[in-house]
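One structure is given below, encoded as structure tokens.
The values are calculated or read from the model by the stated rules, or taken from the named source; none is laboratory data. Just so you know, these numbers come straight off a predicted model, no measurement behind them. All Cβ positions, glycine included, derive from the backbone under ideal geometry; neighbour counts span all protein chains shown. Accessible surface areas use protein heavy atoms only, side chains included; no ligands, DNA or RNA. Shrake-Rupley method; radii C 1.70, N 1.55, O 1.52, S 1.80 Å.
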Amino acid sequence: MTAVTDAPAPLPGRDAYRDELTRLAVDDPAILCLEADLGGKGHPFQAAHPGRFFNLGIAEGAMVDMAAGLAAGGYRPFVSTFAPFAALRAAESLKLTLGYLNAGVTVVAPYAGVSGAWFGTTHHCLEDLAVLRAIPGVTVAAPHGEAEMRAVVRAAARSGRPHYIRTGRNARYASLPLPAGAELPDVNWESTAGPDAVCLVSVGEEGTRLAVEARTRTPGTAHAHLVYADHEHLTRSAAELARRHRRFVVVEEHRGQGGVAEALALLLPRCEVTSVAADRRWPSHGGDHPEVMAAVGLDLAAVLDALTRAAAPHATHHPRSLACTS
């Protein structure tokens, strides 16, 4: 009798990034890895390519500036630090490097959303999509699960374009099944339904987890998953979404202001877009990741409530909804 073994658990996003980049660097000597004191002992890239690994300490702006110079010299630098320190502390360097100079630098930002949980408000980042989406020319990605993270890292390495990739802390998720083909689709349809159905739209790790849970509890609901959140990708995604549905509930671990729901509402003026996102409170108490998410109004109950309101005929929209019919 052949023993049945369980498949290994998926890697967290930040570990999948490190492993994939280490593999890619074997055949591409231009790939460099820069970290802001996050490497720790046993970083796979440092072990495999010690001459191409740089720990810059807690000097995030300088790290991005250094990456700009390396990109100008023909290298493909990947830099990584916590999302609040990448998107906020180093915001000016990101604007100039990724935007104005259009440098081929990829920023990988773990601890996005409130995945820092017990680390507190200083280590939470609910504003990064708003910041990075406002910089023209930057590809913004929020992959869900190991396979998506690996695919996004490969795409960034191939393109040589500026990228911002957000991920969580330690969550281990299997990515949704991907259609055959080399490229990630603009919209990955996890579940389809008729044109009158409400369509869930998920972004990132926790938004996708909640959307899948909500969809399983509400038969007849569609679910469209988005990997990319920059303006160019969202413009294409919005066109595809509008061909199938007109009522959407967008779930994202980000503030509603400047998030994907607001972007889609502008891109879908003849549709109804409801946002399920972090509210305007600051998390002031510790807890694990789901507890801190719930403290800012982002949990399964909030998603199910939004679905109910979106499906109700002539529903009065909640203040957090974006009614965009015209």
Subject >> Answer from Gly104, Gly69 - the residue that is out of contact with any helix residue (DSSP H, G or I) (no Cβ under 9 Å at 6 or more places or on another chain), closer than 15 Å to Leu34 by Cβ and of a type outside the set (D, E, K, R) >> reply: Gly69
**OP:** Check whether at least one residue in region 189-201 is in a helix (DSSP H, G or I) and of a type in the set (A, V, I, L, M), and report yes or no.
**Re:** no
**OP:** Mind listing whichever residues of region 219-251 are outside any helix (DSSP H, G or I), in contact (Cβ under 8 Å) with a residue 12 or more places away in the chain and surrounded by fewer than 16 Cβ atoms within 10 Å (Cβ to Cβ)?
**Re:** Gly220
Original post:
Scanning region 296-314 for residues that are touching a residue at least 60 places away in the same chain (Cβ under 8 Å) and open to solvent by 50 Å² or more (accessible area, probe 1.4 Å), which turns out farthest from Ala112 (Cα to Cα)?
Top reply: Ala311
Original post:
Residue check: is Ala7 open to solvent by 20 Å² or more (accessible area, probe 1.4 Å), out of contact with any Asp or Glu (no Cβ under 6 Å at 6 or more places or on another chain) and either part of a loop (DSSP other than H, G, I, E, B) or over 19 Å from His163 (Cβ atoms) (or both)?
Top reply: yes
**OP:** Report yes if Gly61 is assigned to a loop (DSSP other than H, G, I, E, B) and either open to solvent by 10 Å² or more (accessible area, probe 1.4 Å) or among the hydroxyl-bearing types (Ser, Thr, Tyr) (or both), otherwise no.
**Re:** no
**OP:** Please name all residue pairs, on different chains or six or more residues apart, with Cβ atoms under 7 Å, provided the first residue is in region 83-112 and is open to solvent by 10 Å² or more (accessible area, probe 1.4 Å) and the second residue is of a type in the set (Val, Ile, Thr) and assigned to a loop (DSSP other than H, G, I, E, B).
**Re:** Lys95/Ile135; Gly99/Ile135; Gly99/Val138
Original post:
When you go through Leu264, Leu307, Leu298 one by one, which is the residue that is assigned to a loop (DSSP other than H, G, I, E, B) and in contact with a strand residue (DSSP E or B) (Cβ under 6 Å, 6 or more places away or on another chain)?
Top reply: Leu298
**OP:** Quick one: Glu291 ticks every box in (1) buried (at least 21 other Cβ atoms within 10 Å of the Cβ); (2) closer than 27 Å to Thr121 by Cα; (3) out of contact with any Gly (no Cβ under 9 Å at 6 or more places or on another chain) except a single one, so which number is it?
**Re:** (1)
**OP:** Scan region 271-294 and report the pairs whose first residue is closer than 15 Å to Ala117 by Cα and whose second residue is among the charged types (D, E, K, R), with Cβ atoms within less than 8 Å and a gap of 6+ or a chain change.
**Re:** Ala278/Glu253; Ala278/Arg255; His289/Arg169; His289/Glu206; Pro290/Asp299; Met293/Glu206; Met293/Glu253; Met293/Asp299
